[in-house]
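Colleague: Supplied in C-alpha coordinates, the structure appears directly below.
The values are calculated or read from the model by the stated rules, or taken from the named source; none is laboratory data. Since the structure is predicted, the reported quantities are computational estimates derived from the model, not experimental observations. When we count neighbours, we look across all protein chains shown, and the Cβ atoms used for this are built from the backbone with ideal geometry, even at glycine. For the accessible areas, the whole protein counts, side chains as well, though only heavy atoms, and no ligand, DNA or RNA atoms are used. Shrake-Rupley method; radii C 1.70, N 1.55, O 1.52, S 1.80 Å.
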Amino acid sequence: MSIGGRSSATATARLSVVVAALSVPAFTGVWELVARSGIVNTVLFPPPSTVAVAVLEWIRSGQFFADLMASLARVAAGFAIGAAGGIVLGILTGRFRLVSSLLSPLFHILRPIPPIAFVPIVILWFGLSETGKLFLVVWGVFFTVWLATHIGVQKVDRGLIRAAQMLGTPQPQMLWEIVLLGALPYITVGLRTAVSISFYTLVAAELAGAFAGIVYRIEIAQQNMQTGQVMGGLAALGLLSFVADRSFAILAERAVWWR
Amino acid sequence: MTPSLLRPDQPLRLVDTYPPSAAARQAIIRVEDLSIVFDAPSGQVIAVDRVSLAVAQGEFVSIVGPSGCGKSTLLNAMAGLERPFEGQVLMAGEAMRAPRPEIGMVFQQPHLFPWKSVRRNIAHGPRALGKPKAEALRIADGLIEMIGLTRFASAYPHTLSGGMQQRVAIARALANQPSVLLMDEPFGALDAQTRAVMQDNLLELRERINATIVFVTHDIDEAILLSDRVLIMSAGPGRILKDLQVSLPRPRSSAIVAEAAYLALKRDCLDLIRSEGRRAFEQMEIKT
(Lines give C-alpha, C1' and ligand atoms only; values in the text may rest on other atoms or scores of the structure.)
Protein backbone atom coordinates (compact mmCIF):
# COMPACT_ATOMS: atom_id res chain seq x y z
CA MET A 1 0.00 0.00 0.00
CA SER A 2 2.64 2.44 1.11
CA ILE A 3 4.90 1.35 -1.78
CA GLY A 4 2.03 1.82 -4.17
CA GLY A 5 1.42 5.27 -2.72
CA ARG A 6 5.04 6.24 -3.12
CA SER A 7 5.27 5.01 -6.71
CA SER A 8 2.14 6.92 -7.61
CA ALA A 9 3.73 10.01 -6.00
CA THR A 10 6.86 9.58 -8.18
CA ALA A 11 4.64 9.09 -11.20
CA THR A 12 2.88 12.36 -10.44
CA ALA A 13 6.23 14.08 -9.98
CA ARG A 14 7.48 12.74 -13.35
CA LEU A 15 4.29 13.68 -15.07
CA SER A 16 4.46 17.24 -13.75
CA VAL A 17 8.02 17.59 -15.13
CA VAL A 18 6.79 16.48 -18.55
CA VAL A 19 3.79 18.80 -18.39
CA ALA A 20 6.02 21.71 -17.35
CA ALA A 21 8.34 21.04 -20.29
CA LEU A 22 5.37 20.95 -22.67
CA SER A 23 3.66 24.06 -21.27
CA VAL A 24 5.22 26.69 -23.53
CA PRO A 25 5.35 24.59 -26.76
CA ALA A 26 1.70 23.56 -26.27
CA PHE A 27 0.65 27.17 -25.75
CA THR A 28 2.60 28.26 -28.84
CA GLY A 29 1.05 25.42 -30.84
CA VAL A 30 -2.49 26.40 -29.88
CA TRP A 31 -1.70 30.03 -30.67
CA GLU A 32 -0.36 29.02 -34.12
CA LEU A 33 -3.47 26.93 -34.82
CA VAL A 34 -5.91 29.60 -33.72
CA ALA A 35 -4.10 32.32 -35.69
CA ARG A 36 -4.05 30.22 -38.87
CA SER A 37 -7.63 28.95 -38.53
CA GLY A 38 -9.06 32.21 -39.81
CA ILE A 39 -11.07 32.89 -36.65
CA VAL A 40 -8.95 35.94 -35.90
CA ASN A 41 -7.39 38.69 -37.97
CA THR A 42 -3.74 37.64 -38.54
CA VAL A 43 -2.69 41.26 -39.01
CA LEU A 44 -3.66 42.04 -35.42
CA PHE A 45 -3.01 38.58 -34.05
CA PRO A 46 -0.17 37.01 -36.04
CA PRO A 47 0.87 33.38 -35.44
CA PRO A 48 4.14 32.69 -33.56
CA SER A 49 5.85 31.76 -36.79
CA THR A 50 5.32 35.32 -38.07
CA VAL A 51 6.63 36.69 -34.79
CA ALA A 52 9.71 34.45 -35.07
CA VAL A 53 10.38 35.68 -38.61
CA ALA A 54 10.06 39.28 -37.43
CA VAL A 55 12.46 38.69 -34.56
CA LEU A 56 15.01 36.97 -36.83
CA GLU A 57 14.80 39.87 -39.25
CA TRP A 58 15.25 42.28 -36.31
CA ILE A 59 18.38 40.44 -35.22
CA ARG A 60 19.75 40.05 -38.79
CA SER A 61 19.40 43.77 -39.51
CA GLY A 62 21.65 44.56 -36.54
CA GLN A 63 19.00 46.80 -35.03
CA PHE A 64 18.24 44.32 -32.28
CA PHE A 65 21.73 44.58 -30.85
CA ALA A 66 21.67 48.37 -30.99
CA ASP A 67 18.24 48.48 -29.34
CA LEU A 68 19.29 45.99 -26.67
CA MET A 69 22.40 47.99 -25.84
CA ALA A 70 20.52 51.28 -25.71
CA SER A 71 17.93 49.85 -23.30
CA LEU A 72 20.47 47.97 -21.19
CA ALA A 73 22.68 51.04 -20.87
CA ARG A 74 19.72 53.08 -19.56
CA VAL A 75 18.66 50.43 -17.09
CA ALA A 76 22.20 49.70 -15.90
CA ALA A 77 23.24 53.33 -15.46
CA GLY A 78 19.94 54.30 -13.84
CA PHE A 79 20.05 51.31 -11.55
CA ALA A 80 23.66 51.94 -10.51
CA ILE A 81 23.12 55.63 -9.73
CA GLY A 82 19.74 55.11 -8.04
CA ALA A 83 20.96 52.17 -5.98
CA ALA A 84 24.17 53.88 -4.87
CA GLY A 85 22.24 57.00 -3.84
CA GLY A 86 19.58 54.92 -2.10
CA ILE A 87 22.12 52.95 -0.10
CA VAL A 88 24.17 55.98 0.95
CA LEU A 89 21.16 58.04 2.00
CA GLY A 90 19.43 55.01 3.53
CA ILE A 91 22.42 54.44 5.79
CA LEU A 92 22.51 58.10 6.78
CA THR A 93 18.76 58.38 7.49
CA GLY A 94 18.70 54.97 9.16
CA ARG A 95 21.60 55.77 11.45
CA PHE A 96 21.25 59.49 12.18
CA ARG A 97 18.02 60.73 13.59
CA LEU A 98 18.59 64.30 12.50
CA VAL A 99 19.25 63.35 8.87
CA SER A 100 16.14 61.19 9.01
CA SER A 101 14.03 64.05 10.37
CA LEU A 102 15.31 66.22 7.56
CA LEU A 103 14.85 63.83 4.63
CA SER A 104 12.38 61.07 5.53
CA PRO A 105 9.19 63.20 5.42
CA LEU A 106 10.18 64.50 1.99
CA PHE A 107 11.06 61.05 0.68
CA HIS A 108 7.83 59.58 2.00
CA ILE A 109 5.84 62.19 0.07
CA LEU A 110 7.78 61.70 -3.17
CA ARG A 111 8.08 57.91 -2.99
CA PRO A 112 4.46 56.92 -3.73
CA ILE A 113 4.27 59.03 -6.92
CA PRO A 114 4.61 56.53 -9.79
CA PRO A 115 7.76 57.40 -11.80
CA ILE A 116 5.68 57.25 -15.01
CA ALA A 117 3.75 60.30 -13.82
CA PHE A 118 6.98 62.28 -14.12
CA VAL A 119 7.25 61.75 -17.88
CA PRO A 120 5.59 65.06 -18.85
CA ILE A 121 7.76 67.19 -16.61
CA VAL A 122 10.88 65.23 -17.50
CA ILE A 123 10.20 66.05 -21.17
CA LEU A 124 9.87 69.72 -20.24
CA TRP A 125 13.10 69.64 -18.26
CA PHE A 126 15.31 67.41 -20.37
CA GLY A 127 13.56 67.13 -23.75
CA LEU A 128 14.16 63.78 -25.42
CA SER A 129 17.71 63.54 -24.12
CA GLU A 130 19.29 60.53 -22.42
CA THR A 131 19.46 62.52 -19.19
CA GLY A 132 15.67 62.54 -18.97
CA LYS A 133 15.50 58.75 -19.40
CA LEU A 134 18.23 58.25 -16.85
CA PHE A 135 16.36 60.54 -14.47
CA LEU A 136 13.22 58.40 -14.66
CA VAL A 137 15.03 55.13 -14.00
CA VAL A 138 17.09 56.65 -11.19
CA TRP A 139 13.91 58.05 -9.64
CA GLY A 140 12.20 54.68 -9.69
CA VAL A 141 15.17 52.78 -8.27
CA PHE A 142 16.26 55.30 -5.68
CA PHE A 143 13.21 55.31 -3.41
CA THR A 144 12.87 51.55 -3.34
CA VAL A 145 16.52 51.07 -2.40
CA TRP A 146 16.47 53.98 0.04
CA LEU A 147 13.49 52.60 1.95
CA ALA A 148 14.88 49.05 2.08
CA THR A 149 18.24 50.35 3.33
CA HIS A 150 16.66 52.71 5.86
CA ILE A 151 14.61 49.88 7.36
CA GLY A 152 17.52 47.44 7.14
CA VAL A 153 19.82 49.81 9.02
CA GLN A 154 17.30 50.15 11.83
CA LYS A 155 17.05 46.38 12.08
CA VAL A 156 20.81 45.88 12.44
CA ASP A 157 21.42 43.93 15.63
CA ARG A 158 22.08 46.52 18.36
CA GLY A 159 24.41 44.05 19.99
CA LEU A 160 26.70 44.08 16.96
CA ILE A 161 26.89 47.85 17.08
CA ARG A 162 27.63 47.87 20.79
CA ALA A 163 30.28 45.17 20.34
CA ALA A 164 31.88 47.23 17.58
CA GLN A 165 31.72 50.38 19.76
CA MET A 166 33.43 48.56 22.61
CA LEU A 167 36.25 47.55 20.26
CA GLY A 168 36.93 51.17 19.32
CA THR A 169 35.50 50.99 15.79
CA PRO A 170 35.74 54.49 14.25
CA GLN A 171 32.53 56.06 12.85
CA PRO A 172 33.29 55.60 9.11
CA GLN A 173 34.10 51.91 9.59
CA MET A 174 30.98 51.57 11.75
CA LEU A 175 28.83 52.88 8.90
CA TRP A 176 30.43 51.24 5.90
CA GLU A 177 31.21 47.94 7.52
CA ILE A 178 29.05 47.09 10.52
CA VAL A 179 25.88 48.97 9.54
CA LEU A 180 26.12 48.32 5.78
CA LEU A 181 26.83 44.61 6.11
CA GLY A 182 24.37 44.26 8.96
CA ALA A 183 21.66 45.71 6.73
CA LEU A 184 22.81 43.86 3.60
CA PRO A 185 20.13 41.14 3.74
CA TYR A 186 17.45 43.88 3.59
CA ILE A 187 19.33 45.93 1.02
CA THR A 188 19.56 43.01 -1.41
CA VAL A 189 15.80 42.52 -1.21
CA GLY A 190 15.31 46.21 -2.05
CA LEU A 191 17.80 45.99 -4.90
CA ARG A 192 16.00 43.01 -6.40
CA THR A 193 12.66 44.83 -6.33
CA ALA A 194 14.43 47.78 -7.92
CA VAL A 195 15.55 45.60 -10.84
CA SER A 196 11.94 45.11 -11.98
CA ILE A 197 11.13 48.74 -11.24
CA SER A 198 14.00 49.87 -13.44
CA PHE A 199 12.40 47.97 -16.35
CA TYR A 200 8.98 49.51 -15.70
CA THR A 201 10.45 52.99 -15.77
CA LEU A 202 12.48 52.12 -18.86
CA VAL A 203 9.19 51.51 -20.69
CA ALA A 204 7.90 54.95 -19.67
CA ALA A 205 11.20 56.58 -20.58
CA GLU A 206 11.37 55.07 -24.08
CA LEU A 207 7.68 55.58 -24.85
CA ALA A 208 8.17 59.25 -24.05
CA GLY A 209 10.46 59.49 -27.05
CA ALA A 210 13.72 57.82 -27.93
CA PHE A 211 15.87 57.00 -30.95
CA ALA A 212 16.79 53.44 -30.06
CA GLY A 213 15.76 50.84 -27.53
CA ILE A 214 13.54 47.80 -27.28
CA VAL A 215 10.43 49.70 -26.22
CA TYR A 216 11.16 52.34 -28.87
CA ARG A 217 11.21 49.51 -31.45
CA ILE A 218 7.86 48.22 -30.18
CA GLU A 219 6.35 51.65 -30.58
CA ILE A 220 7.71 52.12 -34.13
CA ALA A 221 6.45 48.66 -35.13
CA GLN A 222 3.03 49.53 -33.74
CA GLN A 223 2.88 52.66 -35.87
CA ASN A 224 3.74 50.55 -38.95
CA MET A 225 1.17 47.88 -38.00
CA GLN A 226 4.01 45.31 -37.71
CA THR A 227 2.22 43.30 -35.08
CA GLY A 228 4.74 40.45 -35.27
CA GLN A 229 7.54 42.85 -34.46
CA VAL A 230 5.53 44.31 -31.56
CA MET A 231 5.05 40.87 -30.06
CA GLY A 232 8.70 40.00 -30.68
CA GLY A 233 9.66 43.18 -28.83
CA LEU A 234 7.42 42.29 -25.90
CA ALA A 235 8.94 38.82 -25.73
CA ALA A 236 12.46 40.28 -25.80
CA LEU A 237 11.58 42.72 -23.00
CA GLY A 238 10.07 39.92 -20.90
CA LEU A 239 13.09 37.69 -21.44
CA LEU A 240 15.53 40.49 -20.63
CA SER A 241 13.71 41.42 -17.44
CA PHE A 242 13.51 37.75 -16.44
CA VAL A 243 17.22 37.16 -17.02
CA ALA A 244 18.09 40.33 -15.09
CA ASP A 245 15.94 39.26 -12.14
CA ARG A 246 17.29 35.70 -12.05
CA SER A 247 20.92 36.76 -12.30
CA PHE A 248 20.35 39.34 -9.61
CA ALA A 249 18.79 36.70 -7.35
CA ILE A 250 21.88 34.53 -7.78
CA LEU A 251 24.13 37.52 -7.18
CA ALA A 252 22.18 38.51 -4.06
CA GLU A 253 22.58 35.05 -2.60
CA ARG A 254 26.34 35.34 -3.01
CA ALA A 255 26.38 38.91 -1.68
CA VAL A 256 25.38 37.71 1.79
CA TRP A 257 28.39 35.41 1.66
CA TRP A 258 28.51 34.44 5.30
CA ARG A 259 25.22 32.54 5.32
CA MET B 1 37.14 40.85 57.99
CA THR B 2 38.84 43.51 55.88
CA PRO B 3 37.10 46.86 55.85
CA SER B 4 34.89 47.04 52.84
CA LEU B 5 35.28 49.74 50.23
CA LEU B 6 31.64 49.62 49.69
CA ARG B 7 29.02 51.47 51.65
CA PRO B 8 25.75 51.03 49.87
CA ASP B 9 24.15 53.80 51.85
CA GLN B 10 26.98 56.31 51.52
CA PRO B 11 28.58 57.96 48.54
CA LEU B 12 32.09 56.82 47.82
CA ARG B 13 33.78 60.16 48.36
CA LEU B 14 34.00 58.98 51.96
CA VAL B 15 36.52 56.38 50.76
CA ASP B 16 39.23 58.97 51.32
CA THR B 17 38.42 59.12 55.02
CA TYR B 18 38.82 55.35 55.37
CA PRO B 19 42.13 54.02 56.53
CA PRO B 20 43.62 54.12 53.01
CA SER B 21 43.82 50.43 52.20
CA ALA B 22 45.98 49.19 49.34
CA ALA B 23 42.88 48.43 47.34
CA ALA B 24 41.44 51.92 47.71
CA ARG B 25 44.63 53.54 46.51
CA GLN B 26 44.80 51.39 43.39
CA ALA B 27 41.12 51.48 42.54
CA ILE B 28 40.89 51.40 38.76
CA ILE B 29 37.10 51.56 38.66
CA ARG B 30 35.15 53.98 40.79
CA VAL B 31 31.43 54.27 40.58
CA GLU B 32 30.35 57.36 42.48
CA ASP B 33 26.76 57.89 43.53
CA LEU B 34 25.54 56.55 40.22
CA SER B 35 21.86 56.69 39.36
CA ILE B 36 20.41 55.63 36.04
CA VAL B 37 16.83 56.42 35.13
CA PHE B 38 14.89 55.07 32.18
CA ASP B 39 11.86 56.57 30.54
CA ALA B 40 9.08 54.01 30.51
CA PRO B 41 5.49 54.34 29.30
CA SER B 42 4.38 54.38 32.93
CA GLY B 43 6.84 57.12 33.86
CA GLN B 44 10.47 57.16 34.90
CA VAL B 45 11.98 53.98 36.29
CA ILE B 46 15.05 54.07 38.50
CA ALA B 47 17.24 51.22 37.27
CA VAL B 48 20.27 52.04 39.40
CA ASP B 49 19.87 54.00 42.61
CA ARG B 50 22.85 55.92 44.03
CA VAL B 51 25.33 53.08 43.71
CA SER B 52 28.93 53.59 44.76
CA LEU B 53 31.65 51.02 44.46
CA ALA B 54 35.34 50.66 43.78
CA VAL B 55 37.26 47.88 42.12
CA ALA B 56 40.99 47.54 42.64
CA GLN B 57 43.50 46.90 39.90
CA GLY B 58 43.57 43.19 39.04
CA GLU B 59 40.52 42.35 41.12
CA PHE B 60 37.78 39.98 39.97
CA VAL B 61 34.43 41.31 41.19
CA SER B 62 31.06 39.76 40.54
CA ILE B 63 27.75 41.55 40.73
CA VAL B 64 24.92 39.20 41.64
CA GLY B 65 21.23 39.91 41.76
CA PRO B 66 17.82 38.87 40.49
CA SER B 67 16.84 39.61 36.91
CA GLY B 68 15.86 43.22 36.40
CA CYS B 69 17.83 44.48 39.39
CA GLY B 70 19.87 46.85 37.22
CA LYS B 71 23.11 44.91 37.31
CA SER B 72 23.48 44.92 33.52
CA THR B 73 22.62 48.62 33.43
CA LEU B 74 25.32 49.27 36.02
CA LEU B 75 27.80 47.33 33.88
CA ASN B 76 26.75 49.19 30.73
CA ALA B 77 27.41 52.46 32.54
CA MET B 78 30.91 51.21 33.37
CA ALA B 79 31.30 50.42 29.67
CA GLY B 80 30.23 53.93 28.65
CA LEU B 81 27.19 52.51 26.86
CA GLU B 82 24.72 54.03 29.34
CA ARG B 83 24.69 57.66 30.42
CA PRO B 84 24.49 58.38 34.16
CA PHE B 85 21.42 60.29 35.33
CA GLU B 86 23.40 61.33 38.38
CA GLY B 87 26.85 60.54 39.63
CA GLN B 88 29.65 59.19 37.50
CA VAL B 89 31.84 56.27 36.58
CA LEU B 90 35.57 56.82 36.71
CA MET B 91 37.84 54.44 34.87
CA ALA B 92 41.49 54.96 35.78
CA GLY B 93 40.45 58.39 37.08
CA GLU B 94 38.67 59.44 33.88
CA ALA B 95 34.89 59.80 33.62
CA MET B 96 33.25 57.35 31.20
CA ARG B 97 31.10 59.13 28.64
CA ALA B 98 31.57 56.80 25.69
CA PRO B 99 33.08 53.34 25.17
CA ARG B 100 36.87 53.21 25.31
CA PRO B 101 38.97 50.46 23.76
CA GLU B 102 40.89 49.85 26.99
CA ILE B 103 37.60 48.73 28.53
CA GLY B 104 36.62 45.40 26.96
CA MET B 105 33.18 43.89 27.12
CA VAL B 106 31.70 40.42 26.68
CA PHE B 107 27.92 40.28 26.34
CA GLN B 108 25.45 37.53 27.15
CA GLN B 109 25.14 36.87 23.42
CA PRO B 110 28.46 36.55 21.57
CA HIS B 111 27.50 39.28 19.05
CA LEU B 112 30.23 38.13 16.66
CA PHE B 113 30.30 39.80 13.26
CA PRO B 114 28.61 37.13 11.14
CA TRP B 115 30.44 38.20 7.97
CA LYS B 116 33.87 37.70 9.51
CA SER B 117 35.79 34.52 10.18
CA VAL B 118 36.89 33.75 13.75
CA ARG B 119 40.32 35.15 12.97
CA ARG B 120 38.98 38.39 11.48
CA ASN B 121 36.50 38.83 14.30
CA ILE B 122 39.30 38.74 16.83
CA ALA B 123 41.50 40.97 14.67
CA HIS B 124 38.71 43.55 14.39
CA GLY B 125 39.67 45.51 17.52
CA PRO B 126 43.37 45.92 16.76
CA ARG B 127 42.48 46.84 13.15
CA ALA B 128 39.93 49.40 14.35
CA LEU B 129 42.64 50.95 16.51
CA GLY B 130 44.83 51.32 13.44
CA LYS B 131 47.25 48.42 13.91
CA PRO B 132 48.66 47.03 10.64
CA LYS B 133 46.83 43.99 9.30
CA ALA B 134 49.73 41.59 9.82
CA GLU B 135 50.08 42.59 13.46
CA ALA B 136 46.33 42.38 14.08
CA LEU B 137 46.24 38.89 12.61
CA ARG B 138 49.23 37.86 14.69
CA ILE B 139 47.44 39.01 17.84
CA ALA B 140 44.34 37.11 16.69
CA ASP B 141 46.30 33.91 16.06
CA GLY B 142 47.81 34.05 19.54
CA LEU B 143 44.39 34.43 21.14
CA ILE B 144 42.87 31.70 18.95
CA GLU B 145 45.53 29.35 20.24
CA MET B 146 44.81 30.41 23.81
CA ILE B 147 41.09 29.64 23.46
CA GLY B 148 41.91 26.37 21.70
CA LEU B 149 40.11 27.08 18.44
CA THR B 150 43.07 26.91 16.05
CA ARG B 151 41.20 24.43 13.85
CA PHE B 152 38.35 26.91 13.47
CA ALA B 153 40.37 30.05 12.72
CA SER B 154 38.81 30.54 9.30
CA ALA B 155 35.32 29.28 10.24
CA TYR B 156 32.37 31.65 10.24
CA PRO B 157 30.57 32.20 13.58
CA HIS B 158 27.31 30.48 12.63
CA THR B 159 29.18 27.20 12.15
CA LEU B 160 30.37 27.23 15.79
CA SER B 161 28.57 26.04 18.94
CA GLY B 162 27.36 28.58 21.52
CA GLY B 163 30.31 27.88 23.83
CA MET B 164 32.83 28.24 21.03
CA GLN B 165 31.23 31.50 19.90
CA GLN B 166 31.46 32.88 23.41
CA ARG B 167 35.15 31.89 23.60
CA VAL B 168 35.71 33.85 20.38
CA ALA B 169 33.83 36.81 21.88
CA ILE B 170 36.13 36.72 24.93
CA ALA B 171 39.21 36.51 22.72
CA ARG B 172 37.90 39.41 20.62
CA ALA B 173 37.45 41.52 23.75
CA LEU B 174 40.99 40.64 24.88
CA ALA B 175 42.59 41.51 21.53
CA ASN B 176 42.80 45.20 22.45
CA GLN B 177 44.55 44.22 25.71
CA PRO B 178 41.95 45.95 27.84
CA SER B 179 42.87 46.93 31.38
CA VAL B 180 39.29 46.20 32.43
CA LEU B 181 37.12 43.38 31.14
CA LEU B 182 33.39 43.71 31.73
CA MET B 183 31.36 40.52 31.39
CA ASP B 184 27.58 40.61 31.28
CA GLU B 185 26.27 37.12 32.10
CA PRO B 186 28.63 35.72 29.48
CA PHE B 187 27.74 32.11 30.23
CA GLY B 188 24.04 32.70 30.88
CA ALA B 189 22.92 31.42 27.50
CA LEU B 190 24.99 28.22 27.65
CA ASP B 191 23.95 24.77 28.85
CA ALA B 192 25.13 23.65 32.30
CA GLN B 193 28.00 21.46 31.08
CA THR B 194 29.41 24.04 28.70
CA ARG B 195 29.04 26.68 31.40
CA ALA B 196 31.17 24.64 33.82
CA VAL B 197 33.89 24.20 31.20
CA MET B 198 33.79 27.91 30.38
CA GLN B 199 34.11 28.83 34.06
CA ASP B 200 37.22 26.68 34.39
CA ASN B 201 38.57 28.23 31.18
CA LEU B 202 37.99 31.70 32.56
CA LEU B 203 39.77 30.81 35.81
CA GLU B 204 42.77 29.59 33.81
CA LEU B 205 42.63 32.60 31.52
CA ARG B 206 42.59 34.91 34.51
CA GLU B 207 45.92 33.53 35.72
CA ARG B 208 47.43 34.52 32.38
CA ILE B 209 46.02 38.00 31.78
CA ASN B 210 46.14 40.74 34.36
CA ALA B 211 42.94 42.53 33.52
CA THR B 212 40.55 43.70 36.17
CA ILE B 213 37.28 41.83 35.67
CA VAL B 214 33.74 42.83 36.58
CA PHE B 215 31.41 39.92 36.06
CA VAL B 216 27.61 40.16 36.15
CA THR B 217 25.67 36.99 36.83
CA HIS B 218 22.58 35.74 38.61
CA ASP B 219 24.32 32.49 39.49
CA ILE B 220 25.75 32.62 43.03
CA ASP B 221 27.91 29.52 42.54
CA GLU B 222 29.48 31.08 39.50
CA ALA B 223 30.10 34.35 41.31
CA ILE B 224 31.79 32.74 44.33
CA LEU B 225 33.83 30.34 42.23
CA LEU B 226 35.30 33.08 40.04
CA SER B 227 35.55 36.18 42.21
CA ASP B 228 37.63 37.92 44.82
CA ARG B 229 34.56 39.87 45.86
CA VAL B 230 30.86 39.41 45.32
CA LEU B 231 28.51 42.39 45.35
CA ILE B 232 24.90 41.49 45.96
CA MET B 233 22.32 43.78 44.41
CA SER B 234 18.70 44.29 45.35
CA ALA B 235 15.94 44.75 42.88
CA GLY B 236 13.79 47.77 42.11
CA PRO B 237 15.52 50.18 42.51
CA GLY B 238 18.95 48.62 41.99
CA ARG B 239 21.18 49.04 45.03
CA ILE B 240 24.10 47.17 46.41
CA LEU B 241 23.10 45.24 49.51
CA LYS B 242 26.29 43.57 50.51
CA ASP B 243 29.94 43.33 49.64
CA LEU B 244 31.32 39.85 50.33
CA GLN B 245 35.01 39.06 50.31
CA VAL B 246 35.74 35.62 48.82
CA SER B 247 38.98 34.56 50.46
CA LEU B 248 39.14 31.08 48.96
CA PRO B 249 42.65 30.20 47.80
CA ARG B 250 43.63 30.44 44.13
CA PRO B 251 44.14 28.81 41.69
CA ARG B 252 40.61 27.50 41.98
CA SER B 253 38.63 25.02 39.98
CA SER B 254 34.99 24.08 39.96
CA ALA B 255 35.92 21.38 42.53
CA ILE B 256 35.78 23.96 45.37
CA VAL B 257 32.00 23.92 45.37
CA ALA B 258 32.17 21.05 47.85
CA GLU B 259 34.40 22.86 50.37
CA ALA B 260 33.08 24.07 53.72
CA ALA B 261 34.29 27.67 53.38
CA TYR B 262 32.60 27.84 50.01
CA LEU B 263 29.36 26.46 51.38
CA ALA B 264 29.36 28.93 54.26
CA LEU B 265 29.74 31.83 51.84
CA LYS B 266 27.03 30.50 49.64
CA ARG B 267 24.68 30.14 52.62
CA ASP B 268 25.30 33.80 53.53
CA CYS B 269 24.55 34.90 50.00
CA LEU B 270 21.44 32.81 49.72
CA ASP B 271 20.04 34.05 53.05
CA LEU B 272 20.55 37.60 51.97
CA ILE B 273 19.01 37.09 48.55
CA ARG B 274 16.10 35.17 49.99
CA SER B 275 15.19 37.83 52.53
CA GLU B 276 15.68 40.52 49.90
CA GLY B 277 13.56 38.61 47.44
CA ARG B 278 10.81 38.25 50.03
CA ARG B 279 10.97 41.96 50.82
CA ALA B 280 10.77 42.89 47.14
CA PHE B 281 7.93 40.48 46.62
CA GLU B 282 5.96 41.89 49.55
CA GLN B 283 6.57 45.40 48.31
CA MET B 284 5.20 44.43 44.95
CA GLU B 285 2.09 43.02 46.57
CA ILE B 286 1.50 46.20 48.56
CA LYS B 287 1.88 48.31 45.43
CA THR B 288 -0.61 46.34 43.36
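Colleague: From largest accessible area down, sort B:E94, B:E59; use a 1.4 Å probe on the protein chains.
Modeller: B:E94, B:E59
Colleague: Got a sec? What order do B:M233, B:M164 fall in by accessible area at 1.4 Å, biggest, i.e. largest, first?
Modeller: Result, largest first: B:M164, B:M233.
Colleague: Roughly how many Å² of A:W139 are accessible to a 1.4 Å probe, to the nearest 10?
Modeller: Roll a 1.4 Å probe over it and A:W139 shows about 50 Å².
Colleague: Quick check for you: which residues of the range A:60-86 have the amide N under 20 Å from the point 7 Å beyond the Cα of A:A212 toward its beta carbon?
Modeller: A:60-80
Colleague: Something else now. Quick check: pseudo-label points 7 Å beyond the Cα along Cα→Cβ at B:S161 and B:D219, how many nm apart are they?
Modeller: 1.4
Colleague: Which Cα, out of A:L184, A:F242, A:L207, lies furthest along the positive dipole direction of the range A:178-259 (beta carbon charges, K/R +1, D/E -1)?
Modeller: Checked the options; the winner is A:L184.
Colleague: For A:Y200, A:Y186, B:Y156, write out the residues from largest to smallest accessible area, computed with a 1.4 angstrom probe and no ligands counted.
Modeller: A:Y200, A:Y186, B:Y156
Colleague: Mind running the shape call on the range A:1-122? Use the C-alpha gyration tensor, a ≥ b ≥ c as the square roots of the eigenvalues: rounded below 1.5 for a/c, prolate if a/b tops b/c, oblate otherwise. Write out the running numbers ahead of the final one.
Modeller: Working: a/c = 2.88, a/b = 1.46, b/c = 1.97.
Judged from the Cα gyration tensor, the range A:1-122 comes out oblate (a/c at least 1.5, b/c at or above a/b).
Colleague: Moving to a separate point now. May I ask you to derive the FRET efficiency for A:F242 and B:K133 from their Cβ-Cβ distance with R0 = 51 Å, giving the value to the nearest 0.05?
Modeller: The calculated FRET efficiency here is 0.75.
Colleague: Expected output is a single nm value to one decimal: the length gained when fully extending between A:S196 and A:R14, i.e. 0.36 nm times separation in residues minus the C-alpha distance. What is it? Provide the component values of the computation, followed by the final result.
Modeller: Numbers: separation 182, 0.36 × 182 = 65.52 nm, distance 3.27 nm.
Going from the current span to full extension adds 62.2 nm.
Colleague: What is the range A:9-139's relative contact order, in percent, from Cα pairs under 8 angstrom and six or more apart in sequence?
Modeller: Relative contact order here is 21 percent.
Colleague: Follow-up. About the Cα centre of chain B, how large is the charge dipole given +1 on each Lys and Arg Cβ and -1 on each Asp and Glu Cβ? Please answer in debye to the nearest 20.
Modeller: On the way: 33 positive and 31 negative charges, 164 e Å.
Computed about the Cα centre, the dipole is about 780 debye.
Colleague: Report the extension gain between A:L33 and A:W257 in nm, rounded to one decimal, defined as 0.36 nm multiplied by the number of residues separating them, less their alpha carbon distance.
Modeller: Taking 0.36 nm per residue and subtracting the Cα distance, the gain is 75.7 nm.
Colleague: In deg cm²/dmol, rounded to 500, what helix-only [θ] at 222 nm does chain B give when every DSSP H run of at least 4 residues adds -39500 (n - 2.57) and the total is split over its residues?
Modeller: Dividing the helical sum by the residues of chain B leaves -11500 deg cm²/dmol.
Colleague: Taking H as built 1.01 Å from N, whose amide H comes closer than 5 Å to the amide H of B:V216, not counting residues under 5 places away?
Modeller: For B:V216, the qualifying residues are B:I63, B:M183, B:D184, B:E185.
Colleague: Still on this structure: Let me know the shape class of chain A, please: from the alpha-carbon gyration tensor, a ≥ b ≥ c as square roots of the eigenvalues, rounded when a/c is under 1.5, otherwise prolate if a/b is greater than b/c, or oblate.
Modeller: In terms of gyration-tensor shape, oblate.
Colleague: Taking R0 as 41 Å, what FRET efficiency do you get between B:Q44 and B:D191 from their Cβ-Cβ distance, rounded to the nearest 0.05?
Modeller: 0.60
Colleague: Skip the ligands, DNA and RNA, and give the accessible area per residue of the range A:31-151 with a 1.4 Å probe, whole Å². All intermediate terms of the calculation are to be shown ahead of the outcome.
Modeller: On the way: 6450 Å² over 121 residues.
Here the per-residue accessible area is 53 Å².
Colleague: Go through the range B:128-135 residue by residue and turn each phi into a ³J(HN,Hα) via Karplus (6.51, -1.76, 1.60, θ = phi - 60°); whole Hz please, and just put x for glycine and proline.
Modeller: 4, 7, x, 6, x, 3, 4, 5
Colleague: According to a simple spin-label model (label point 7 Å from Cα along Cα-to-Cβ), what is the distance in nm between A:I151 and A:A80?
Modeller: Those two pseudo-labels are separated by 2.8 nm.
Colleague: Between A and B, buried accessible area summed over both sides at probe 1.4 Å, in Å² to the nearest 100?
Modeller: Numbers: alone 15070 and 14320 Å², together 27500 Å².
Separately minus together, A and B give about 1900 Å² buried.
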